[in-house]
Structure formats: C-alpha cells, structure tokens
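J.: Quick one: this structure, given as structure tokens, is what I'll be asking you about.
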Amino acid sequence: QVHLVESGGGLVQAGGSLRLSCAASGSIFRINALSWYRQAPGKQRELVATITARGSTNYVDSVKGRFTISRDNAKNTVYLQMNSLKPEDTAVYYCNLDSNPYVYWGQGTQVTVSS
C-alpha cells in the first residue's frame, strides 16, 4: 500500500506564493512520474505539472513560468512551488504517483487565492 500526504496549502493574496509538498510512503517499487492535479469547484480535475523518473517536467500552459515542480528522491517527496498566484489558481490540489500499472492519489490540499 502506498500513501501520499500533501501539505502546504492555504489562503494567500493574489501575487503571493505557496509551496506544496507531497510525501510518499509504503511499498513503492517504481515511480514513473509524479504529478500535481487540481480541481476547482464545478470544474473537472486538470493536470497542472508532471515530473518523470528522468526529471523531465511538463506544465499546463496556464501555470508556465509561475509554477515549478521538483522532487527529492531520497525523501520520496514531490514539491510544487507556486509563485505569482492568481484567483483562478484557487482549487484543491492533488498529488498523483504513477507506478504503472498502479496510480495513487493524495487526499488533496486546498489552495485559495484572494483578489
């Protein structure tokens, strides 16, 4: 069993920054990729950023240049540094671990950006 625990969410004013963390524990045999998703009220969950096992990163266009995904392999932790936050970034952010064929999700952490 694999557990993902997110932290770092909160309330911030527009233009501010937050750093999300996601710590993975349990029987992790292989990590193909670690990702952050988000889901705003009334909207579908969307992929925000991914970092592969080789360290390649990808971002949704709306966060490019503002968000940075990184990982600490020794700690089995993935981070999402979010700068220049906008009200439209408000959502519950979820950590995702792709360990093909298994996929694991965290419980989510709320990020609220006030205007």
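J.: State which residue pairs qualify: first residue over 19 Å from GLN44 (Cβ atoms) and in contact (Cβ under 8 Å) with a residue 24 or more places away in the chain and inside region 77-93, second residue in a loop (DSSP other than H, G, I, E, B) and open to solvent by less than 40 Å² (accessible area, probe 1.4 Å) in any location, beta carbons under 6 Å apart, and separation of 6 or more residues or different chains.
T.: Note: pairs meeting the criteria are ASN83/ARG66; SER84/ARG66; LEU85/GLY16.
J.: Could you list, in sequence order, all residues of region 1-31 that are of a type outside the set (Gly, Ala, Ser) and surrounded by 13 or more Cβ atoms within 10 Å (Cβ to Cβ)?
T.: If the condition is that a residue be of a type outside the set (Gly, Ala, Ser) and surrounded by 13 or more Cβ atoms within 10 Å (Cβ to Cβ), then VAL2, HIS3, LEU4, VAL5, GLU6, VAL12, LEU18, ARG19, LEU20, CYS22, ILE28, ILE31 are the ones that fit.
J.: Residue by residue through region 66-98, note down the ones that are more than 11 Å from the chain's Cα centre (by Cα), surrounded by 17 or more Cβ atoms within 10 Å (Cβ to Cβ) and of a type in the set (Ser, Thr, Tyr).
T.: THR90
J.: Consider region 106-115. How many of its residues are crowded, with 20+ Cβ neighbours inside 10 Å and not in a strand (DSSP E or B)?
T.: Counting residues in region 106-115 that are crowded, with 20+ Cβ neighbours inside 10 Å and not in a strand (DSSP E or B) gives 1.
J.: Going by what's in this entry, would GLY26 be described as closer than 19 Å to GLY106 by Cα and touching a Leu at 6+ places or on another chain (Cβ under 8 Å)?
T.: no
J.: Let me ask something else. Restricting attention to region 37-58, which residues are open to solvent by less than 90 Å² (accessible area, probe 1.4 Å), touching a residue at least 12 places away in the same chain (Cβ under 8 Å) and over 18 Å from ASN76 (Cβ atoms)?
T.: TYR37, ARG38, GLN39, ALA40, GLU46, LEU47, VAL48
J.: OK, next. Please specify each residue of region 1-15 satisfying the condition of being within 26 Å of LYS86 (Cα to Cα), assigned to a loop (DSSP other than H, G, I, E, B) and more than 15 Å from the chain's Cα centre (by Cα).
T.: Of everything in region 1-15, those that are within 26 Å of LYS86 (Cα to Cα), assigned to a loop (DSSP other than H, G, I, E, B) and more than 15 Å from the chain's Cα centre (by Cα) turn out to be ALA14, GLY15.
J.: Residues that are touching an Asp or Glu at 6+ places or on another chain (Cβ under 8 Å) and at negative phi: find the strands (runs of 3 or more DSSP E) completely inside region 16-105 holding 2 or more of those.
T.: 18-26, 33-39, 77-82, 91-99
J.: Let me ask something else about it. From the list TRP105, TRP36, which one is more than 17 Å from GLN1 (Cα to Cα) and out of contact with any helix residue (DSSP H, G or I) (no Cβ under 8 Å at 6 or more places or on another chain)?
T.: Selected residue: TRP36, the only one of TRP105, TRP36 that is more than 17 Å from GLN1 (Cα to Cα) and out of contact with any helix residue (DSSP H, G or I) (no Cβ under 8 Å at 6 or more places or on another chain).
J.: For region 59-77, does any single residue satisfy the condition of being closer than 22 Å to ASN32 by Cβ and touching a helix residue (DSSP H, G or I) at 6+ places or on another chain (Cβ under 9 Å)?
T.: There is at least one residue in region 59-77 that is closer than 22 Å to ASN32 by Cβ and touching a helix residue (DSSP H, G or I) at 6+ places or on another chain (Cβ under 9 Å).
The values are calculated or read from the model by the stated rules, or taken from the named source; none is laboratory data. Just so you know, these numbers come straight off a predicted model, no measurement behind them. Quick reminder, even Gly has a Cβ in these numbers, built from the backbone with ideal geometry, and neighbours come from all protein chains shown. Just so you know, the surface numbers come from the protein's heavy atoms only, side chains and all, with ligands and any DNA or RNA stripped out. Shrake-Rupley method; radii C 1.70, N 1.55, O 1.52, S 1.80 Å.
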